[in-house]
Amino acid sequence: MVMERLILAGILIISFVIAWRFIPAEKARDAFILFLSIQFFSWPIGLFVVEMKWIEYPVQLFPNDNNDYRSSLYFEFFLFPITAILFNLYYPSSRRVIPKLFYYLLIAGFFTCIEFILERFTKLVDYHKWQWYWSYFSVMLILYLSHKYYKWFKRGLR
Amino acid sequence: MHKEFWILMIIWAAVPIIIFLNIRNSNKRVAQITFLFSQSIAWLYEFVQIKMQLVAFPYREFPYATKLSFTLHYLLFPTIGMLFILYYPKKGRYVKTLFYFLLFGTIAPTYSVIVERTTSLVEYHHWNWALGFVSSIIMLSLLKVFVFWFEKGMLMREE
């Protein structure tokens, strides 16, 4: 229990540090576009998978968080958006298709890996019907959608 | 079917139409960012309400996953917020702006009170219209500050 809560607190702290150190001030609006577009997807999807009891998050940061919101606040609103923001800010747009594809696989893999390790060794995530490759696929899909949206948003501005 | 179900269905059917009728090519980016940011504010607001047990949503979309009302923060508040920003009187005088705030501030709490009286979509524990009105004004103000800050940066880049 203590270890799980420390990890969640760690996710919070790391997210804030990354947001503060690695997102330049002039990119603040870009970060907002990405953060908000990620939420647009992760709210319904995150709630749906919990509602269907495919995934469970037995331990949350505060003891009775699960009374109010069984979906994972820290993955969906901190870890994942931060990953997606960095993904987009450092996206290799001048490269060719293969490096881009590799970049997708790598970042989505990084995120899926963290989730998989946490599911194995902690009580933070429990997969019921869920499989790691569903995470891998949905993370990649949401990264793709947010990237497309971000590019569309920026296109009209210059 | 329950009347609660039909109210939610009407909201889900009406919101896309309202969005479609009010979005123009010239304002689509502002409209969308407003919509998305309203979702965040409204989610936080609902989360605090539930945490402090001020209200309850007995009939809701994800009864197992959350005690929050999904439609409320995902569609209803954002639509009100979007319309608020799109028709905001930027050149209006003080009185006009104040009146505009008061007008939009009444929409959400009034809907909420009516729904609380007649359905089980909302249930007030320690809540009333006046509190809803004040929090509605605060949320609209936050939204205005954010969107105008965001817009300023977008215009700078367009020059």
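Any read-out appearing in this document is the output of simple, stated calculations on the displayed coordinates, not a laboratory observation. Only a predicted model underlies this, so the values are computations on that prediction, with no experimental measurement involved. Don't worry about glycine lacking a Cβ; one is built from the backbone with ideal geometry, like all the others, and counts go over all protein chains shown.
Structure values in brief
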quantity: Single residue of the stretch A:28-64 satisfying the filter (small (Gly, Ala, Ser) and within 18 Å of residue B:47 (Cβ to Cβ)) that is farthest from the other protein chains (Cβ to nearest Cβ); calculated: A:42
quantity: Residue check for residue A:45: within 19 Å of residue A:143 (Cα to Cα), of a type in the set (A, V, I, L, M) and assigned to a helix (DSSP H, G or I); calculated: yes
quantity: Odd one out for residue B:29 among (1) within 17 Å of the chain's Cα centre (by Cα); (2) within 8 Å of chain A (Cβ to nearest Cβ); calculated: (1)
quantity: Tally, over the stretch B:114-154, of residues that are within 14 Å of another protein chain (Cβ to nearest Cβ), crowded, with 16+ Cβ neighbours inside 10 Å and among the hydrophobic types (A, V, I, L, M, F, W, C); calculated: 6
quantity: All positions within the stretch A:1-57 that are basic (Lys, Arg) and either in contact with a strand residue (DSSP E or B) (Cβ under 9 Å, 6 or more places away or on another chain) or touching a residue at least 40 places away in the same chain (Cβ under 8 Å) (or both); calculated: A:5, A:27, A:53
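Yes or no, residue by residue, for (1) touching a residue at least 60 places away in the same chain (Cβ under 8 Å); (2) closer than 20 Å to residue A:44 by Cβ; (3) aliphatic (A, V, I, L, M):
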| residue | (1), (2), (3) |
| --- | --- |
| A:110 | no, no, no |
| A:130 | yes, yes, no |
| A:137 | no, yes, no |
| A:142 | yes, yes, yes |
| A:155 | no, no, no |
